[in-house]
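Taking it in order: structure first as structure tokens, then the write-up.
The values are calculated or read from the model by the stated rules, or taken from the named source; none is laboratory data. What you are looking at is a predicted structure, and each value in this text was computed from that prediction instead of being measured. With ideal geometry, Cβ positions are generated from the backbone for all residues, glycine too; neighbour counts draw on all protein chains shown.
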Amino acid sequence: MKKLIVYYSLEGNTELIAGKILKYLEADVIRLIPKKEYPKGNFKKYIWGGRSATFGEKPKLEDYSFVAEDYDVIIIGTPIWAGTFAPPIKTFLADNKISGKDIYLYTCGAGDATDKFFDKYKSVLKDNQIVDTISFVEPLKNKISNIDEKIKEFCEKIKHI
């Protein structure tokens, strides 16, 4: 089964998890990069990013190659912005018809808000099977001691489909 990791990462948290997943799985990777980058590390990122997410904006992305039919499993990673996925993920999902896939979701964000977040994701990807989800809260800052074990367990589920 061919696998793809597609993710957006503003400050490196979601990218860190994508890299760790690659230690356990053979997969292609698409990093979504907006043509106009969001501000990092300050209050502006919350205002601009939150507004963009709240209003459902779909920013233009740098070119990438994706053919849905090439993949059986798609792993999607995003931070949580204003209770939803980051706008570059919204662009990717709007631009690509994804159906009949085994989907695994991960996020690096808002702690207690993840259940509602994953419910939103599931409604957007309703033509697929959401097999598993996993979340982390700022893994670059928090240095979670069991992060590798959590990722390994997540990847074991992917390997056994």
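Applying a threshold of 6 Å to beta carbon distances and a minimum spacing of six or more residues, or different chains, the list of pairs starting in region 119-142 at a residue that is under 16 Å from THR84 (Cβ atoms) and ending at one that is basic (Lys, Arg) reads ILE130/LYS122. Filtered by the rule that a residue be closer than 24 Å to CYS155 by Cα and not in a loop (DSSP other than H, G, I, E, B), region 91-101 gives PHE92, LEU93. Inside region 55-75, residues that are in contact with a Ser or Thr (Cβ under 8 Å, 6 or more places away or on another chain) and loosely packed, with under 13 Cβ neighbours inside 10 Å make up a count of 1. All conditions but one from (1) on the phi > 0 side of the Ramachandran plot; (2) buried (at least 18 other Cβ atoms within 10 Å of the Cβ) apply to THR78; the one that does not is (1).
Yes or no, residue by residue, for (1) in a helix (DSSP H, G or I); (2) under 19 Å from ALA18 (Cα atoms); (3) in contact with a Ser or Thr (Cβ under 8 Å, 6 or more places away or on another chain); (4) modelled with pLDDT under 90:
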{"site": "ILE89", "(1), (2), (3), (4)": "yes, yes, yes, no"}
{"site": "ILE103", "(1), (2), (3), (4)": "no, yes, no, no"}
{"site": "ASP112", "(1), (2), (3), (4)": "yes, no, no, yes"}
{"site": "SER145", "(1), (2), (3), (4)": "no, yes, no, yes"}
{"site": "ILE151", "(1), (2), (3), (4)": "yes, yes, no, no"}
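Of the residues in region 38-47, not one is of a type in the set (A, V, I, L, M, F, W, C), crowded, with 16+ Cβ neighbours inside 10 Å and outside any loop (DSSP other than H, G, I, E, B).
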